[in-house]
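Everything below concerns the one structure shown next.
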Amino acid sequence: MKKGILMVSFGTSHLDTMEKTINVIESEAQQRFSGWRVYRAFTSHMIIRKLKRTENMNIDTVGEALTRMASDGIEDVAVQPTHILNGIENDRMMEDLMEHMSMFRRIRVGKPLLSSVEDYKKAIHGIMSETELADDEVLVLMGHGTDHHANSAYPTLEYTFHALGYNRVLVGTVESFPDLNNVMAKLKISEKKKIVLMPFMIVAGDHAKNDMAGEEDSWKSELEAEGYEVRVIMRGLGEFEGIRKIFLEHIEEAIEKGEDDVRSWNKSTGI
């Protein structure tokens with residue numbers, strides 16, 4: 001039975017960060033699971049259209065990738081999102097998978113980055129093991145944010161940073177809660193004046209380059225206007241080995257669970 005892994009990302013039109021993040025995650029998945037063929041899909045149709053228009057690059061949607069896999073004779077599928085949350089993009093991915101399930105003998109789905117308490121801990125240690133802070137610096141992480149209930153992951157993330165002893169880390173979002181105003185209120189209480197800004201996103205793309213670190217109307221410019229000294233780390237989460245390791249573990253868990261389900265079914269049916 002031919003096996004395939006479908007790596008599903010929101011996507012980015014910034015090729016520099018794509019090469020350092022999504023490409024590396026997919027490459028490591030191929031190395032780790034050598035008996036499986038790795039495929040790619042993006043969930044952002046806008047990014048797919050932009051890449052086609054500006055780079056003449058063809059990226060599949062989830063449905064297109066699954067159709068391609070079926071035509072290649074893949075029967076056993078493991079799907080791994082590089083999404084951070086169990087949010088809107090992951091829900092849409094699951095809807096696409098449901099529509100195409102009949103094309104395969106089996107589909108297993110891995111979990112997004114932050115799906116368990118252990119995931120939070122591993123992600124935090126993975127980030128901090130590769131991030132150097134001076135004693136007088138505060139790390140401010142900028143997430144995307146969502147109106148989905150999964151947005152609760154961001155305040156949970158900050159709480160877990162502090163519970164693990166990383167007290168000089170704050171988490172905010174571009175489009176939801178907590179926002180920059182919430183972050184600045186905590187900075188004022190901390191009385192720290194030196195800030196390290198870093199995206200809490202798989203890629204360091206448009207939000208990181210413009211909303212976080214742009215010269216105007218950005219977190220950086222607003223913090224500097226308030227008298228803070230700001231240092232930027234332009235590094236997507238996909239560049240951290242510890243983060244990529246979590247995705248590989250989630251693939252392995254999905255595959256192993258699928259095998260256990262098959263064994264349980266065979267045992268109950270006597271096959």
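Per residue, how much accessible area does segment 1-160 show when a 1.4 Å probe rolls over the protein heavy atoms, in square angstrom?
Solvent-accessible surface per residue comes out at 47 Å².
Is the shape of segment 149-224 best called rounded, prolate or oblate, per the rule: a/c under 1.5 gives rounded, else a/b larger than b/c gives prolate, else oblate, with a ≥ b ≥ c the square roots of the Cα gyration tensor eigenvalues?
Judged from the Cα gyration tensor, segment 149-224 comes out oblate (a/c at least 1.5, b/c at or above a/b).
In nm, give the distance between the simple-model label positions of residue 31 and residue 252, each being 7 Å from the Cα along the Cα-to-Cβ direction.
1.5 nm
Per 0.36 nm of contour for each residue apart, how much would the distance between residue 186 and residue 163 grow if the chain were fully extended, relative to their Cα-Cα spacing?
Using 0.36 nm per residue and subtracting the Cα-Cα distance, I get 6.6 nm.
Please give the length that would be gained between residue 105 and residue 241 if that part of the chain were fully extended, namely 0.36 nm times their separation in residues minus their C-alpha to C-alpha distance (nm, one decimal).
45.7 nm
Going down the list 50/121; 2/121; 188/209; 50/186; 121/257, which pairs span over 31 Å between their C-alpha atoms? Don't jump to the answer; show the numbers that get you there.
On the way: 50/121 36 Å; 2/121 35 Å; 188/209 25 Å; 50/186 38 Å; 121/257 22 Å.
Over 31 Å apart, Cα to Cα: 50/121; 2/121; 50/186.
By average Cβ neighbour count within 10 Å, what is the ranking of 213-226, 148-161 from highest down?
Working: 213-226: 15.4, 148-161: 17.8.
Ranking, from highest mean packing down: 148-161, 213-226.
Along the charge dipole of segment 7-138, which of 120, 29, 63 sits closest to the positive end, that is, farthest toward it, with unit charges on the beta carbon of Lys, Arg, Asp and Glu (+1, +1, -1, -1)?
Looking along the dipole axis, the top candidate is 63.
Got a number for carbon plus sulfur as a percent of the chain's accessible area, 1.4 Å probe?
Taking all protein chains in place, the chain shows 48 percent carbon and sulfur surface.
Could you rank the peptides 32-40, 63-71, 202-210 by their average count of other C-beta atoms within 10 Å per residue, with the highest value first?
202-210, 63-71, 32-40
What is the extension gain from residue 224 to residue 156, computed as 0.36 nm multiplied by their sequence separation minus the C-alpha to C-alpha distance, in nm to one decimal?
Working: separation 68, 0.36 × 68 = 24.48 nm, distance 2.71 nm.
Going from the current span to full extension adds 21.8 nm.
Would you compute, from DSSP H runs of 4+ residues alone, the mean residue ellipticity of the chain at 222 nm, taking -39500 (n - 2.57) per run and dividing by the full residue count, rounded to the nearest 500?
Computed mean residue ellipticity for the chain: -14000 deg cm²/dmol.
Gap in Å between the Cα centre of segment 19-43 and the Cα centre of segment 177-248?
First find each Cα centre; the distance between them is then 27 Å.
The values are calculated or read from the model by the stated rules, or taken from the named source; none is laboratory data. Remember, predicted model here, so these are calculated numbers, not experimental data. A quick note on method: Cβ atoms are made from the backbone with ideal geometry, for glycine too, and the neighbour counts reach across all protein chains shown. SASA here: full protein model, heavy atoms, side chains in, ligands and nucleic acids out. Shrake-Rupley method; radii C 1.70, N 1.55, O 1.52, S 1.80 Å.
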